[in-house]
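In what follows, a structure is listed as structure tokens, so that the remarks can point back to it.
Computed from the coordinates by the stated procedures, all read-outs in this text should not be read as laboratory data. On a predicted model such as this, the values are computed, not experimentally measured, just so you know. Because the Cβ atoms are built from the backbone with ideal geometry, glycine has one as well, and the counts that use them run over all protein chains shown.
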Amino acid sequence: MSPVSVVAAAHDWQRLDRRMLLVHPIRELVRFLPALVAIAVAGTASGGAPWQALGVVVPVALGVLRYLTTRYRIAAGRIELRRGLLSRRVTSTPLDRVRTVDLTSSVVQRVLGLTTLRIGTGLAANDEGDALDLDGLPVDRARALRADLLHAAPVASEDGWAGDVPAAPHDAVPLVAFDPRWLRFAPFTGTGLIVVAAVVGGASQLLESFDVWDDVRSDDLPVPSGLGIALGVVAGVVVLVALSVLGYLVTNGGFRLTREAGAWHVRRGLLTTRETSIDEERLAGVAIGEPLALRLTGGRHLQAIVTGVNRSQSGSSTLVPPSDADVAPAAARAILGQRGPDGPVDAPLTGHGPAATRRRWTRALLPAVVLLLLAVAAVATGAPWWLLVPCVVILAASAALAADRAAGLGHALVDGHLVARSGSLARRREMLDVDHVIGWTLRDTWFQRRAGLIALAATTAGGRGSVGLLDVPEADAVRLADEALPGLVSQFATVPRHGLNTL
Amino acid sequence: MSEPGSNAITGISLRDPAHRVSPRARVMWILGAAVEGIVALVVLLVAVLVWEVPAWTLALLLAVVVVWVAVVPQWRYLVHRWETSETAVYTQTGWWARERRIAPMSRIQTVDYAEGPVARVFGLASVTVTTASAAGALSIDGLDREVARRLVDDLTRQADAVEGDAT
């Protein structure tokens, strides 16, 4: 079946793929599992077989009903999804508002060659769980539909679905593909660290509740308890690292980034696969993430700043997962179409000057110094001396953080892209196409005004809502904003001693 | 791009927006702050009487409330300003932290006019201009009702004159 006829046929109300008749009952059975177990136990106790059968029949019937009551159509420039037996619900989206298209396949769906097509519009309705999911289409058909949806987005064509449909993205040569060596970054990623912290916290609470620590310290152990604890710690770390690697593998296994028909396609996931497609028109920029842990181990990751994709959908914006230091910048260069060596990705950044550096230091050191002084006072009045040790460690760590944060600050305006870098523990280099800048926010506190600094943020319809420059000298901020969008800011600027032509 | 710290040489900076909000806004803010302060004082007074919280905390809170009522609304009034041009909207809000927002006419998505119950008593209204950015709404509080209505009409007409979906 040719893709064109596939989509043309979608003008009438139609059901999803018949194979979902297998998927839905399995899902319902899983959902009803606790009830099923209870029914099974009660059934064996009372010896009545009909009851047990009911426990299986009801979920299966629900699954079949779900299939029978769900229909979709594409007509009059809208895609509509109708579902529900008793309370009927119709979700409808104009085709020219489609901004991202995700294909997600669970394990069961993959076995059957199916996928779920999710349409992202970036409208507020999405936050209410009203996302438009076509749950259960054959993979080929979903890909053809996706190509058409993304094609329809920038220019709402009158004649509908004409034109050649490109090959499925998985046939294209990937720009970046998964490399097993990336697994070494897994423990140093944000999610890796969260997993580690959660497991450590949970385990220690568990141990505490069972009074294990008392047992460990007792003489029952065959090895000296000091060695035992050390072994336990090593074993724990090994388990945590293994968990984070496994998590990375499940999320990012089989990753590939391809470009096809004016859109970027990210495919990843070992068990549940997920294909995210980002229309080039909607790609406002990219952000290279270089958090401290990754930077120290030589890794980077890349995210997209996409119009209509907000923070809550951040999973949709990953372009390259944590990987070797040259992979994310290479992908960023390709995505931004940078040819020369001094494009937005590699251009040297203008620092924010001594005042900004001073501010980083005072902000980081002030709390640590206060803490140290309190500790000194406490020791002077009879507290144990070792109270000073953690305070000194915190002071040293704050100093290191301040130095790194100061070194990280920078901005530039290169090839029509606003480049901003800041942060230490979560450093990002954001590159935003100035065509996607929809306003400016300048914020300064009384302290900042005294230091002649200002926080400049370019607001945009995608990502976090803005790309920010921390503590720029005010004149630099105004000049930068005016160079990015000529004429907008300068009409509100004052130049005391020179003419406006110095801008 | 120039060297950092060139502020002192060229001194380019943003000026304040041209228009103040209505002087009645200052009264409204003072009243609001006074109500907040009195509530806080009553709560603390009850705590002092019932749970034997030391009485000097009352004096401390009273000092904070006096500053909160006498200084902050006045400061806020001095900072709150707005201006529109052919091509842009420019607002300034805050007091300790000052926030200036500039949005091009071509990127305006909606213009909201609101009269809160208290603001209505004072004949005031607020105008909120949203763009497609999650971080970019421009809000002007304490406008005279007539000024606010005219502003909404002007903004709506100017924003309509520009093509595109404002993203």
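What per residue convex hull volume, in Å³, do the alpha-carbon atoms of chain B yield?
Details: hull volume 30.1 nm³, N = 167.
So the per-residue hull volume is 180 Å³.
For B:LEU78, put the label point 7 Å out on the Cα→Cβ axis and report which residues of segment B:86-112 keep their amide N under 17 Å from it.
B:92-99
May I ask for the percentage of alpha-carbon pairs in segment B:82-160 that lie more than 20 Å from each other? Present the calculation step by step, with values, prior to reporting the outcome.
On the way: 907 of 3081 pairs.
Roughly 29 percent, once rounded to a whole number.
How large is the charge dipole for chain B, taken about the Cα centre, if only the Cβ atoms of Lys, Arg (+1) and Asp, Glu (-1) carry charge, to the nearest 20 debye?
Values: 15 positive and 17 negative charges, 86 e Å.
With only Lys, Arg, Asp and Glu charged at Cβ, the dipole is about 420 debye.
With a cut-off of 17 Å, note down the residues of segment A:277-296 whose backbone N falls inside the zone around a label point 7 Å from the Cα of A:ASP324 toward its beta carbon.
Under 17 Å, as judged by backbone N against the label point of A:ASP324, lie A:295-296 of segment A:277-296.
Note the angle between two axes, namely the Cα long axis of helix B:56-70 and the longest principal axis of the Cα atoms of chain B, as a number of degrees from 0 to 90, rounded to the nearest 10.
Between the helix axis and the principal axis of chain B, the angle is about 30 degrees.
Going 7 Å from the Cα of A:VAL369 along its beta-carbon direction, which residues of segment A:442-479 have the amide nitrogen within less than 16 Å of the resulting point?
Label zone hits: none.
Return the average number of partner chain Cβ atoms within 10 angstrom of each residue Cβ along peptide B:91-103. Could the numbers behind the result be given before it?
Details: counts 1, 2, 1, 3, 1, 3, 8, 8, 7, 9, 7, 11, 6.
Counting Cβ atoms of other protein chains within 10 Å of each residue's Cβ and averaging gives 5.
Starting from 0.36 nm per residue, how many nanometres of slack lie between A:ARG259 and A:ASP342 once their C-alpha separation is accounted for?
On the way: separation 83, 0.36 × 83 = 29.88 nm, distance 2.32 nm.
That works out to 27.6 nm of additional length.
Which of the peptides B:25-31, A:77-83 is most tightly packed, and how do the rest follow, going by the mean number of other Cβ atoms within 10 Å of each residue?
Details: B:25-31: 19.0, A:77-83: 17.0.
Packing proxy ranking, top to bottom: B:25-31, A:77-83.
On alpha carbon coordinates alone, what is the Rg over Rh value for segment A:373-503, Rh being the Kirkwood radius? Before the final figure, lay out each step's value.
Details: Rg = 20.4 Å, Rh = 17.4 Å.
Answer for segment A:373-503: 1.17.
Can you tell me the FRET efficiency between A:GLU281 and A:ALA197 if r is taken as the Cβ-Cβ distance and R0 is 41 Å, rounded to the nearest 0.05?
Numbers: r = 39 Å, r/R0 = 0.96.
The value I calculate is 0.55.
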